[in-house]
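Below is one structure, written out as structure tokens; the observations come after it.
Derivation of every value follows stated rules applied to the coordinates shown; laboratory data play no part. Since the structure is predicted, the reported quantities are computational estimates derived from the model, not experimental observations. Cβ sites come from the backbone with ideal geometry, for glycine too, and all protein chains shown count toward neighbours.
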Amino acid sequence: MFGPLVLAYSAAQLLLGSPVVAVENGLARTPPLGWNSWNWFACDISEETILSAARAIVSTGLKDAGYEYVIIDDCWHAPARDPITKEPLANPVTFPSGIKSVADKVHDLGLKFGIYSDAGSETCARRFGSLGYEQIDAKTYASWGVDYLKYDNCNNEGFSGNESISSWRFSQMAKALNETGRPIVYAMCNWGEDHSWTWAGKLANSWRMSGDISDMFTGYSKDCPCTSLLNCTTFGHHCSATRIIDWTAYMVNYAGPGGWNDLDMLEVGNGNMTNDEYVTHFSMWALLKSPLILGNYLTKMTPDILDIITNDAIIAVNQDPLGASIKRSWKRLLEEGDVQMWTGPLADGSTVVALMNTSPDPQTATISFKDIPSKSPNPETTTFRAFDLWQRSSELTRSGTRWGLDIGLFQGQISDITLKRHQTKVFMLVPQVRTTLRIQEDAE
Ligand code: GAL
């Protein structure tokens, strides 16, 4: 059944070599924000699951905080495509009104709509995939009003193993989406296989670069084996948040407007981490410029979880127009875990700094300004005003954003910052002259 398709693909691959299909769709200039059904619901989804999540995005204020894509993951499918037209069909029991009707209702709420497929013969949950059906699928998605496609990598019939063949396979959908003329964010999900972060930017608006996340803060699972670029061929699943953060350190330079490292959907609120751990998870995803795609049960969310995922200062860093990921400045290894400092520039010349404690004990750390990538000629002698982005304050706004608590002016360093077990603190450092300008701007 699959034979002719395999032959056709092999022939085309030989002819085409390694194509370059620039995504060039003008989308995702900042990382997409939204919600996806997989992490909480897996295959247990229906129209009502999706629409109640969409309504919750509006009623809880998540929409106002910037979350806009509502994405159905795997398992929306009918048992088979339309036997005559080969168009994809939705499961008539769980999605009786059809996908277009769900998309219309999501749009009516002022949100955008996303769907899932797979660059293989079948999805990971063994529903029909899009390999060989890229054009008809892209066309159908566009007619349904799809704004975002997550495109997975299971059952790829051996069309992987090097950049050329994987990028060729994923480029088929990139091309098909572009041909529809509808703006559709293209989110590649090949888990980093064939070092996709080095080439996916030519094709897609984001690319998964790790095995599947689990709702756990730390710990090594043999199912998530990659620790260095050299030993990594299988990406797996059951990856803890801190392992994905460490892994991302290798690829921070590839993130930028229009194309982002996707650290996987958030687990914040799914119950297996403490609030400090979820703060670390959310902060690092945001500062590493991952799409922030929530994966929790929105209609059962507690206020403290809502508080974490609506921290507008952290979201503003994620959405900063410069689009530069933080990079690791140092890592202090401890008997168990470590303390790490990460820094990155923001468009207005200020610097964001994250101090992360992955150890089970409280730690102290110092931010030395010599370690920060400031545009100031000499960060060591510049005075910076510092804001703690996890201490909420209604004071000092810039473009309507609350930037956390002003903790004062500093030169040279901020010393002896205390971090609880598994806690991350995030600071914004503003060269003093800019602070003055900003206060003036805000007053006008
Ligand atoms: C995995 C993917 C998950 C989820 C799942 C669905 O490959 O990484 O995020 O989409 O498939 O079957």
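Tabulated data for the structure shown
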read-out	value
Hydrodynamic radius of the chain per Kirkwood, over alpha carbon pairs, in Å	22.6 Å
Charge sum, other residues only, whose C-beta stays under 11 Å from residue 265's C-beta, Lys/Arg counted +1 and Asp/Glu -1	-4
Neighbourhood net charge (13 Å Cβ-Cβ; Lys/Arg +1, Asp/Glu -1) for residue 201	-1
Dipole of the chain, positive direction: furthest Cα of 343, 123, 393, with charges on the beta-carbon	343
Nearest 10 degrees, 0 to 90: helix 275-287 Cα axis against the chain principal axis	80 degrees
Per the chain, cysteines lacking a partner by the 4.7 Å Cβ criterion	189
13 Å beta-carbon shell around residue 126, net charge (K/R +1, D/E -1)	-3
Count of lysine pairs in the range 16-318 with Cα separation under 14 Å (8 or more residues apart, or interchain)	7
Potential lengthening between residue 58 and residue 249 on full extension [0.36 nm per residue; Cα-Cα distance subtracted]	65.3 nm
Dimensionless Rg ratio for the range 278-434, taking C-alpha atoms and the 2.2 N^0.38 Å reference	1.02
Length added when fully stretched, residue 364-residue 331, from 0.36 nm per residue minus Cα-Cα	10.6 nm
Mean Cα-pair separation over length for the range 16-318, i.e. relative contact order, pairs under 8 Å, 6 or more apart, %	19 percent
For the range 142-200, size of Cβ-based charge dipole, Lys and Arg +1, Asp and Glu -1, in debye	200 debye
About the Cα centre, charge dipole magnitude for the chain (Lys/Arg +1, Asp/Glu -1 at Cβ), debye	620 debye
The chain: angle of helix 99-108 to the longest principal axis, Cα-based, in degrees nearest 10	30 degrees
Eligible aspartates and glutamates near residue 375 by straight Cα distance, threshold 13 Å, same-chain separation 8 or greater	348
In sequence order, calculated HN-Hα J values of the range 261-273 (Karplus, 6.51, -1.76, 1.60; Hz; x Gly/Pro)	5, 9, 7, 4, 5, 6, 9, 4, x, 8, x, 9, 10
Partner aspartates and glutamates for residue 420 [C-alpha distance under 14 Å; skip if fewer than 8 residues away on the same chain]	276, 277, 338, 361
Within a Gaussian network of the chain (alpha carbon springs, distance under 10 Å), most fluctuating of 135, 172, 413	413
The range 80-108 versus the range 255-293: alpha-carbon centroid distance in Å	30 Å
When the range 110-198 is reduced to its Cα atoms, the Kirkwood hydrodynamic radius in Å	13.0 Å
